[in-house]
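S.K.: Sending over a structure as structure tokens; questions will come in a sec.
Computed from the coordinates by the stated procedures, all read-outs in this text should not be read as laboratory data. Values in this document were obtained by computation on a predicted structure and should not be read as measured data. Backbone-built Cβ (ideal geometry, glycine too); neighbour counts: all protein chains shown.
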Amino acid sequence: MSSITPLIALGQVAEPASRTPLVIIGIYMCVLFGLGWISSRLFRGSSKDFFVASHSIGPFMLLMSVFGTTMTAFALVGSTGKAFSLGIGVYGLMASSSGLIHAACFFLVGIRMWSFGKKYGYVTQIQFFRDRFESKKLGYLLFPILAGLIIPYLLVGLIGAGTYIGGVTRGMFPGTFAAGAVPGWLTSLVICGVVLFYVFSGGVRSAVWANTFQTIVFMIMGLVGFIVIAKGIGGLAEASEMTRQHAPEKLVREGLMTPAHFMSYMLVPLSVGMFPHLFQHWLTAKSAKAFRLTVIAHPLCIMIVWVPCILIGIWGAGLFADGSLFVPKLPNGEPNANAVLSMMVKKFMVNPVLIGLFSAGVLAAIMSSLDSQFVCVGSMFTNDFALPLFGSERFSDTQKVWLGRGFIVFIVVITYVISIFKPMSVFNLGIWCFSGFSALFPIAFAAVYWKRVTTAGVFASVIATAVTWALFIHDALGRAAGEQWFGVKAHGEYLIAGVMPVAFICLASVVALVGVSLATKPPTSETIDKFFPAKG
Amino acid sequence: MKKVVYGLLILLAVIHQDVWWWDNGELVFGFMPLGLFYHSLYSCMAAAVWAMAVKWAWPGDIEQWAESGDEAGGEQ
């Protein structure tokens, strides 16, 4: 025992822990299986029902599914970890700006996209773009780019889940796994299996049901967890006072970010206007009125989830600086920010049942995004790649559903393998993924508001986005520290001229879109009449 | 009213950049850092302005157009 104690202090082994939390998580997974089975009874068997739930979703379920889809490991695990590193400014970087920008995307773009989907029967975003921009080839260009951008988004979920469960199960299996913790590969395998089951059962309808249930679970458990952690530290005031004493820089933004850096982050939430999985959720709405609750309540839902996470993150920073919180280290010697939430839970939640319920809430947030993304990649493959290429009449409705399912498994396997071999910061990975989608947003906006936008302009914009995004991500992640071509790394952020790379990627996208559109032939009057109906 | 709503949305975008208490670490209610408190209030303000947008700037014409008939017959 005496030889183990120093290793426990170093975090290489952990004290034996109760397995009750895992039992609770197991029960939660069974509930999801049950939900998948029930929603499969309601599945009408058609591809329209599998992909857009036959436009039958009302306001509350739309809010829960849209909000649940946008909140992933990025929101819980990532935000806590980022606040641990960057302090309270993280809320302004992503959460409060999202309250404005996300709702703007729903209001200004989402409702119009829904109306076109309803009117012309679109199932995916690319179908709409193909018609709007009069080009079948655009679908073949957009499909790999959008599917490729979804992979890092899926990775955010898998890496976040793996790290969280690894932290919270430390000491549960001594001698079986390193530090007695459930390894990331096993967590990822289980959650992929569960999500695949209920998505296969009933498509997007299952995803909406599961999202609604899981969003309620993670919002309630998030608040319960926050209160328990605060009480564990000694109260709200004591927790913040600890941070003020040991890590006061986390209570302000000075020294951790600049106003220009902060402002450039406002472009990142534009990504929701271009998420293909969110487009699909918009299409599930029964009517445009169903959007009203989502537009109003989305900023409040974000606040309910993010404020506790940011506070837990800065409290963790204070405790870590004080030496009273252990956070596992990364190979580079830095504390693993992804593990901060699980370490806080482990330290301050003494009741194993509560740990299990809170952990189920964290997994709920992660899985409520994974399911929509899974359905979406399947829809895109079937409707945007296979059917246009081989002809719609070649496949029966059942075969279309199976084509989608096959591609989902293919993408999940690729993502799963990457998640095992290439773990990285959940927050940063999310930001890169969102930056790509944000830079494509001008295309979505122009599609519904600018009659003069042309096919060539859209091609130019997509290519400009892909090239600048790939260039910057290579510079940030593929090159050794200090050898970057364009930017510099500070406080774990990669900045170009003091701002986020998304600013330059968006700029390239807009310049290409507007410049090439104005230099090329306008779209036909048939297309304009179809997508810009006369008022009244 | 529509113009007022759009004006308020632009104002919200501007006041998001709260440089005026960039280095103020005061704790509101004894636990909430001032910068975080402000941005939490900001989220509430955003919800209020979006409620006004839904009431006074709702795109009813688009809604009516979409509901007026299913041209694709539902399946794509």
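S.K.: Whose amide H sits under 5 Å from the amide H of residue B:24, counting only residues 5 or more places off or on another chain, with H placed in the peptide plane?
M.R.: A:253
S.K.: Quick one: dipole size for the protein assembly as shown, taken about the Cα centre, charges +1 on Lys/Arg Cβ and -1 on Asp/Glu Cβ, in debye to the nearest 20.
M.R.: 860
S.K.: Out of the trypsin sites (Lys or Arg not before Pro) in segment A:444-524, which ones are loop residues according to DSSP with at most 14 other C-beta atoms within 10 Å?
M.R.: When the trypsin sites (Lys or Arg not before Pro) of segment A:444-524 are filtered for loop state and at most 14 Cβ neighbours within 10 Å, A:451, A:452, A:479 remain.
S.K.: Extension gain residue A:245-residue A:334, at 0.36 nm per residue separation less the Cα-Cα distance, in nm?
M.R.: Full extension of this stretch gives 29.9 nm more.
S.K.: Sequence neighbours fewer than 8 away in the same chain don't count; with that in mind, list the aspartates and glutamates whose C-alpha is under 16 Å from residue B:2.
M.R.: Straight-distance partners of residue B:2: B:61.
S.K.: For a quick check: with amide H placed at 1.01 Å from N, whose amide H comes under 5 Å from residue A:17's, ignoring anything fewer than 5 positions away on the same chain?
M.R.: Residues meeting the amide H criterion: A:172.
S.K.: For residue A:136 and residue A:238 in one chain, what is 0.36 nm times their gap in residues minus the Cα-Cα distance, to one decimal in nm?
M.R.: 30.7 nm
S.K.: From the Cα gyration tensor of segment A:210-270, with a ≥ b ≥ c the square roots of its eigenvalues, which class applies: rounded if a/c is under 1.5, or else prolate if a/b is larger than b/c, or else oblate?
M.R.: Because a/c hits 1.5 or more and a/b fails to exceed b/c, segment A:210-270 counts as oblate.
S.K.: Right, next: Could you work out the local net charge near residue A:327, counting Lys and Arg as +1, Asp and Glu as -1, over the other residues with Cβ closer than 11 Å to its Cβ?
M.R.: +2
S.K.: What are the ³J(HN,Hα) couplings of segment A:273-278, residue after residue, when phi is run through the Karplus curve with 6.51, -1.76, 1.60 and θ = phi - 60°? Round to Hz, x for glycine and proline.
M.R.: The phi angles translate into x, 10, 5, x, 6, 6 Hz.
S.K.: Summing +1 for each Lys or Arg and -1 for each Asp or Glu, what net charge is found among the other residues whose Cβ lies under 15 Å from the Cβ of residue A:252?
M.R.: Computed value for this residue: -2.
S.K.: Please list, in order along segment A:393-407, the HN-Hα scalar couplings obtained from phi with the Karplus expression 6.51 cos²θ - 1.76 cosθ + 1.60 (θ = phi - 60°), rounded to whole Hz, x for Gly and Pro.
M.R.: 6, 6, 10, 6, 4, 5, 5, 4, 4, 6, 4, x, 4, x, 5
S.K.: Which percentage, to the nearest 5, of the DSSP beta bridges contained in the protein assembly as shown is antiparallel?
M.R.: Rounded to the nearest five, the antiparallel share is 90 percent.
S.K.: Calculate, for residue A:31 and residue A:520, the FRET efficiency according to 1/(1 + (r/R0)^6) with r their C-beta to C-beta distance and R0 51 Å; round to the nearest 0.05.
M.R.: Computed FRET efficiency for residue A:31 and residue A:520: 0.40.
S.K.: How about segment B:14-74: which GluC sites (Glu not before Pro) there are in a DSSP loop, with at most 16 other Cβ atoms within 10 Å of their Cβ?
M.R.: When the GluC sites (Glu not before Pro) of segment B:14-74 are filtered for loop state and at most 16 Cβ neighbours within 10 Å, B:26, B:71 remain.
S.K.: In addition: Pick out, from A:366, A:506, A:139, the residue whose Cα sits farthest towards the positive end of the charge dipole of the protein assembly as shown, with +1 on the Cβ of Lys and Arg and -1 on the Cβ of Asp and Glu.
M.R.: A:139
S.K.: What Kirkwood hydrodynamic radius do you get for segment B:1-62 when you take the inverse of the mean 1/r over all pairs of distinct Cα atoms, in Å?
M.R.: Hydrodynamic radius (Kirkwood, Cα pairs) of segment B:1-62 is 13.2 Å.
S.K.: Would you calculate the volume per residue, in Å³, of the smallest convex hull containing every Cα atom of segment A:278-368?
M.R.: 141
S.K.: Find the centroid of the Cα atoms in segment A:267-290 and in segment A:58-95, then give the distance between the two in whole Å.
M.R.: Here the answer is 16 Å between Cα centres.
S.K.: In nm, to one decimal, how far is the residue A:216 label point from the residue A:19 one, both placed 7 Å along Cα→Cβ?
M.R.: Taking the two extended label points, one gets 3.1 nm.
S.K.: Rounded to the nearest 500 deg cm²/dmol, what is the calculated helix-only ellipticity per residue at 222 nm for chain A, with -39500 (n - 2.57) per DSSP H run of length n ≥ 4?
M.R.: My calculation for chain A gives -22500 deg cm²/dmol from helical runs alone.
S.K.: While we're looking at this one, here's another question. Compute the separation of the alpha-carbon centres of segment A:341-368 and segment B:23-43 and state it in Å as a whole number.
M.R.: Taking the Cα centre of segment B:23-43 as reference, the centre of segment A:341-368 is 26 Å away.
S.K.: Next up: When averaged across all projection directions, what area in nm² does the alpha-carbon convex hull of chain A cover?
M.R.: It is 24.6 nm².
S.K.: May I pose another question? Using the Karplus equation 6.51 cos²θ - 1.76 cosθ + 1.60 (θ = phi - 60°), what ³J(HN,Hα) coupling, rounded to whole Hz, does each residue of segment A:119-131 give in order, writing x for Gly and Pro?
M.R.: Couplings: 6, 10, x, 6, 10, 10, 4, 5, 4, 4, 4, 4, 6 Hz.
S.K.: Hey, got a sec? Which trypsin sites (Lys or Arg not before Pro) in segment A:109-204 land in a DSSP loop and have at most 15 other Cβ atoms within 10 Å?
M.R.: Filter output for segment A:109-204: A:136.
S.K.: While we're here: Among all the aspartates and glutamates, which ones have a C-alpha under 14 Å from residue A:530's C-alpha, if same-chain residues fewer than 8 places away are not counted?
M.R.: Cross-link targets: A:131, A:134, B:70, B:71.
S.K.: Using only the Cα atoms of segment A:75-216, each taken as one equal point scatterer with no solvent, compute I(q) by the Debye sum, divide by I(0), and report log10 of the ratio at q = 0.14, 0.21 Å⁻¹.
M.R.: The Debye formula, applied to the Cα set alone, gives -1.01, -1.38.
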